[in-house]
Every structure is written in structure tokens, then in C-alpha cells.
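What follows is a single structure, written as C-alpha cells, with notes after it.
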Amino acid sequence: PYPYWKTTSHDNHYHDCDAYWFVWDGRALVATEGEQFDVGPGSCVITAMGQHHDVVSCKYEETLRAARIEGPLKGQKRPGHLHAKA
């Protein structure tokens, strides 16, 4: 369950590392660290380790294109997308 209306197939998840998205094309509404932000070309989304993040919706039916960089694994050092247990 998501605390917002969602229109993408992107999964709400977190990592055992910090995550950085650098957007170069498209516009979207993203959720990170309990807040929502409009992003577009030139935006940088930074999510701290353990914080959920998601692409909620893409604007104007555009495709969001971004590069994702992850910092070093910390804590339990689990790779990949992690999900809260329901």
C-alpha cells in the first residue's frame, strides 16, 4: 500500500546505501523521505540510506530518464531494492 495515488510501475523501495538520481529528460512526481517533489531536467534527487523512494507519476505521459548512483553499502549491506514487510 502506498500513502499516495500512484500511476507508475516503479516499486517503492529503499537501499542499505544512499541513492542519487540525476534527471536529464522528462518530468515526474517522486516521493522520497516522506515528501513528494516535482523533478525534471537538471534535478538531483538524494535519498538517505533506509529511506523509501518512488516515482509516483510521470508528467505529460513523458518517460523519466535519469542516472542512478548508489553510495557504498552500509548497515546490513544488503544489495538491491529492499521492501518493508506488510
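The values are calculated or read from the model by the stated rules, or taken from the named source; none is laboratory data. This structure is a prediction, so every number in the text was calculated from the model and none was measured. Glycine gets a Cβ as well: all are built from the backbone with ideal geometry, and neighbour counts include every protein chain shown. Accessible surface areas use protein heavy atoms only, side chains included; no ligands, DNA or RNA. Shrake-Rupley method; radii C 1.70, N 1.55, O 1.52, S 1.80 Å.
Is it true that GLY50 is free of Cβ contacts under 8 Å to residues at least 24 places away in the same chain and either in contact with a strand residue (DSSP E or B) (Cβ under 6 Å, 6 or more places away or on another chain) or not polar (S, T, N, Q) (or both)?
Judged against the criteria, GLY50 is not a match.
Taking ALA28 as meeting all but one of (1) buried (at least 16 other Cβ atoms within 10 Å of the Cβ); (2) in contact (Cβ under 8 Å) with a residue 40 or more places away in the chain; (3) not acidic (Asp, Glu), write down the number of the exception.
(2)
Here is a list of conditions, (1) touching a Leu at 6+ places or on another chain (Cβ under 9 Å); (2) within 26 Å of LEU73 (Cβ to Cβ); (3) in contact (Cβ under 8 Å) with a residue 40 or more places away in the chain; (4) open to solvent by 40 Å² or more (accessible area, probe 1.4 Å), and PHE37 meets all of them except one; can you say which number that is?
In the conditions (1) touching a Leu at 6+ places or on another chain (Cβ under 9 Å); (2) within 26 Å of LEU73 (Cβ to Cβ); (3) in contact (Cβ under 8 Å) with a residue 40 or more places away in the chain; (4) open to solvent by 40 Å² or more (accessible area, probe 1.4 Å), PHE37 misses (3) alone.
Among the listed residues TRP5, TRP21, which satisfies the condition of being among the aromatic types (Phe, Trp, Tyr) and assigned to a loop (DSSP other than H, G, I, E, B)?
None of the others qualify; the one that does is TRP5.
Taking the range 1-12 as the region of interest, how many residues are within 25 Å of PRO72 (Cβ to Cβ) and loosely packed, with under 15 Cβ neighbours inside 10 Å?
1
Could you figure out which of (1) in contact (Cβ under 8 Å) with a residue 12 or more places away in the chain; (2) under 19 Å from TYR4 (Cα atoms) isn't true of GLN76?
For GLN76, the failing item is (2).
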